[in-house]
1. Being within 11 Å of the ligand (Cβ to nearest atom) and closer than 22 Å to SER63 by Cα is true for just one of GLY167, GLY132. Which residue is that?
2. I need every pair where a residue in segment 152-165 that is closer than 30 Å to ARG118 by Cα has its Cβ under 8 Å from the Cβ of a residue that is hydroxyl-bearing (Ser, Thr, Tyr) and near the ligand (Cβ under 10 Å from one of its atoms), sequence separation at least 6 or different chains.
3. Taking the condition buried (at least 20 other Cβ atoms within 10 Å of the Cβ), assigned to a loop (DSSP other than H, G, I, E, B) and modelled with pLDDT of 95 or more, does ILE20 pass?
4. Please specify each residue of segment 224-249 satisfying the condition of being touching a Phe, Trp or Tyr at 6+ places or on another chain (Cβ under 9 Å) and surrounded by fewer than 17 Cβ atoms within 10 Å (Cβ to Cβ).
5. Take ARG151 and decide whether it is touching a helix residue (DSSP H, G or I) at 6+ places or on another chain (Cβ under 9 Å), over 30 Å from ALA26 (Cα atoms) and among the basic types (Lys, Arg).
6. From the set of residues in segment 174-201 that are among the polar types (S, T, N, Q) and more than 10 Å from the ligand (Cβ to nearest atom), which is surrounded by the fewest Cβ atoms within 10 Å (Cβ to Cβ)?
7. Among the candidates GLU68, GLU41, which residue alone is within 21 Å of GLY134 (Cβ to Cβ), surrounded by 16 or more Cβ atoms within 10 Å (Cβ to Cβ) and within 16 Å of the ligand (Cβ to nearest atom)?
8. Which condition breaks for ALA26 when tested against (1) more than 12 Å from the ligand (Cβ to nearest atom); (2) surrounded by 15 or more Cβ atoms within 10 Å (Cβ to Cβ)?
Amino acid sequence: MDVVILPGASDAELFTARLIAAQVKAKPDAVLGLATGATQEAVYARLAEMCARGEVDFSRISSFNLDEYAGLDGNDRNSYRYYMNHHLFDHVNIRKEATRLPDGTAADPEAECAAYERDIRAAGGVDLQLLGLGNDGHIGFNEPMSSFRSRTRLVVLSPETLRQNGGYFDPPESMPHCAFTMGIGTVMDARKVVMLVTGARKAAVTAAALEGPVSAMVPASALQMHADAVTVLDEAAASQLKLREYYRAAFAEDPRWRNLR
Ligand code: GLP
């Protein structure tokens, strides 16, 4: 696991956008795994700016999102389909038909989840998976105790997640209690994983995920077993990491990061 610590949230967001842009440049028909959440909004804004300047071309890119609320269709302002259109897809030259999220309104959830896994495989697998980190340690909507081998499925959201995301819903009680999510096994199959975490609120769960024991209690800790994972942090989110000095030194000296700094 590489850990990149940058001074502020905007530095971390820009760096993450550059990592994604570098993937798109290296493989113009790459398959991106995309994430939602407040953390990613600025990443998508930076990508939209790069696209407008002609620095990155999404015309041959396809994408699969991590998750979607059960029961919400794409026109619902709280659906992740709406979020993705609003924050990214409407602002870059990606083909909408090449963007996929689980269908929250699927009549047969099991069939939808099987089809999602099939579609990812048929596309050649995810080249780069973007992740955020939930307050309870979730990635996608893989709540604590999700199996590290789990695949795309319908899950019940944790009380912590209902608290974290309830504020987006009016009233908060109208937030769905279930969601479709790629599994941890699905995420781990991605060739490269980029997790972005910002803010002091996430410092404790970031330390648990990166430096704590690998445990289903902290789903993001599974990434310690991924062969090509990088976590991008601002100072606030990194503040409880024990090896902060080492991560800074590695980032400064490792030539892989030279063009992205
Ligand atoms: C939601 C998403 C997660 C995301 C998390 C982080 O719960 N399902 O994939 O990681 O939000 O949220 P935020 O960036 O708003 O803190």
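1. On the way: GLY167 fails: closer than 22 Å to SER63 by Cα.
GLY132 is the lone residue from the list that is within 11 Å of the ligand (Cβ to nearest atom) and closer than 22 Å to SER63 by Cα.
2. If the second residue must be hydroxyl-bearing (Ser, Thr, Tyr) and near the ligand (Cβ under 10 Å from one of its atoms), the pairs left are THR152/THR181; ARG153/THR181; VAL155/THR181.
3. No.
4. Of everything in segment 224-249, just one residue is touching a Phe, Trp or Tyr at 6+ places or on another chain (Cβ under 9 Å) and surrounded by fewer than 17 Cβ atoms within 10 Å (Cβ to Cβ), namely MET225.
5. Against the criterion (touching a helix residue (DSSP H, G or I) at 6+ places or on another chain (Cβ under 9 Å), over 30 Å from ALA26 (Cα atoms) and among the basic types (Lys, Arg)), ARG151 does not qualify.
6. SER174
7. Result of the check over GLU68, GLU41: GLU68.
8. (2)
The values are calculated or read from the model by the stated rules, or taken from the named source; none is laboratory data. What you are looking at is a predicted structure, and each value in this text was computed from that prediction instead of being measured. Please note: Cβ atoms are built from the backbone with ideal geometry, for glycine as well, and neighbour counts cover all protein chains shown.
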